[in-house]
1. How high is the relative contact order of the range 247-374, in percent, with contacts defined as C-alpha pairs under 8 Å that are six or more residues apart?
2. Would you mind pulling out the separation of the Cα centroids of the range 260-303 and the range 135-169, in Å?
3. Just the accessible area for Thr31, please: 1.4 Å probe, Å², rounded to the nearest 10?
4. Between Leu94 and Ser293, what length comes free when the chain is fully extended (0.36 nm per residue of separation minus the Cα-Cα distance, one decimal in nm)?
5. Taking H as built 1.01 Å from N, whose amide H comes closer than 5 Å to the amide H of Gly129, not counting residues under 5 places away?
6. For the ranges 144-152, 90-98, what's the packing order if you count other beta-carbon atoms within 10 Å of each residue, average per peptide, and put the highest first?
7. For Thr231 and Glu397 in the same chain, what is the full-extension length gain: residue separation times 0.36 nm, less their Cα-Cα distance, in nm?
8. Under a straight-distance cross-link criterion of Cα-Cα below 13 Å, which aspartates and glutamates are reachable from Lys62, leaving out those fewer than 8 residues away in the same chain?
Amino acid sequence: MERYHPSEVYELFVRHMNTPRVVVDSGVCATATLVQVHSARKHGVLLEAVAALSEHGVCVRKGYISSDDGRWFMDVFHVTDAAGRKVADADALLARLESSLSAEALPLAAGPAPEGLTLLELVGADRPGLLSEVFAVLHDLRCNTVEARAWTHRGRVAALVFVRDEETGAPIDDAARVRRIESRLRHVLRGGAHGARTVLADPSATGNLDQRLHQLLNEDGEADSRGAVPTTAVAVQDWGERGYSVVTVSCRDRPKLLFDVVCTLTDLDYVVYHGTFDTDGDHAQQEFYIRRSDGRPISSEAERQHVIRCLQAAIERRASEGVRLELRISDRRGLLAYVTRVFRENGLSVTHAEITTRGDMAMNVFHVTDAAGRPADPKTIDEVIQRIGTESLRVEEERWPRLCSAEGDAAGRGGGGGLFSLGSLVKKNLFSLGLIRSCS
């Protein structure tokens, strides 16, 4: 009989207790797959679960979060695939969640970080044609862009760009060359009220790319910038009786909305103790009961306003503006520099970009507007497609199904901007959430 040292037994016990238990069940609900996550208290575990769901490509339609004031959490999600059906590969979803939430898992990862690459973090003032200039500089410096994500919002841009040497395919680690790349990119990102910066980062330590983009823009002060009119209804109220701050969000539903809200609250060092989230057609309603990591609720008006602004910015900065263009083409040197130059020469501005390389294929997504941020002229889009190649570049509709009837949509819209409140429901049923578990 194998014997274990007491310290080993204790370590195994702690690992077992700290590893969340996950259940994926497609038989409980007629319209969605049910995902349950039971876990001991650990800051960020809710975000890890939501990130794993997002990266698996499922859509969270409704759910709730419950805890016994922080010692043990239970999260329940009703999820579908992109077409609004139950998740077909429930076993694969279970495996992803268990892997992401295991005690041995690395910090949040939006898929595995690309290996053998050099990561550039870019932040600066946005302007028409900026990404075209960035990719042109990288091509001129013999840097092959393998992966990249870029977001623009409120006149600022943040990008994560993974590059390698064009000739050798190796990471770029020569100090003199790195300084030259950073200098050229800083010149491209010149000026702006908050300045500009380029940072050479460690790809293995980056974690979730979407979370990092949120962090870059928050650190840049974009969330607190004045002059922008928010389009998302967010409120923060006090529930002094129970020592919670109550965050409510009402906005148009879209992929990764729950991730963006939970990510922002986590990065701001708040813990979600209870919550509900639901969708009605293309409208989303969310309510969260939070405290700071030290156990206290929001304590000042300035803090409350900061949370509201950060949540509004996080929700709106991913709301893709413009026409969605998908590019699938054999990769080659200078491809991104060429494609984005064609956009610029035709008066198109890239608001969001997601660059992916798989083997010898480039699979890229761009959202474009005209130079003034207005919807692009369809004739201009057609001309760009003809120039780049009708077999390679095409317009894609956003794949986000509507699941409610026309009557439900009409009732749920009501202008779309007003705040809702589930507070009475949650407060009455905070510790008996059986009513919320139904699929109706």
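1. The value is 21 percent.
2. Here the answer is 33 Å between Cα centres.
3. 90 Å²
4. Extra length from Leu94 to Ser293 when fully extended: 68.7 nm.
5. For Gly129, whose amide H was placed from the backbone, the distant partners under 5 Å are Val350.
6. The densest-packed peptide leads the list: 144-152, 90-98.
7. That pair, Thr231 and Glu397, stretches by 57.5 nm at full extension.
8. Asp75, Asp253, Asp278, Asp280, Asp282, Glu287
The values are calculated or read from the model by the stated rules, or taken from the named source; none is laboratory data. Bear in mind the structure is a predicted one, so any value in this text is a computation, not a measurement. Note: ideal-geometry Cβ built from the backbone for every residue, glycine included; neighbour counts use all protein chains shown. Surface areas here come from the heavy atoms of the whole protein model, side chains and all, with no ligands, DNA or RNA. Shrake-Rupley method; radii C 1.70, N 1.55, O 1.52, S 1.80 Å.
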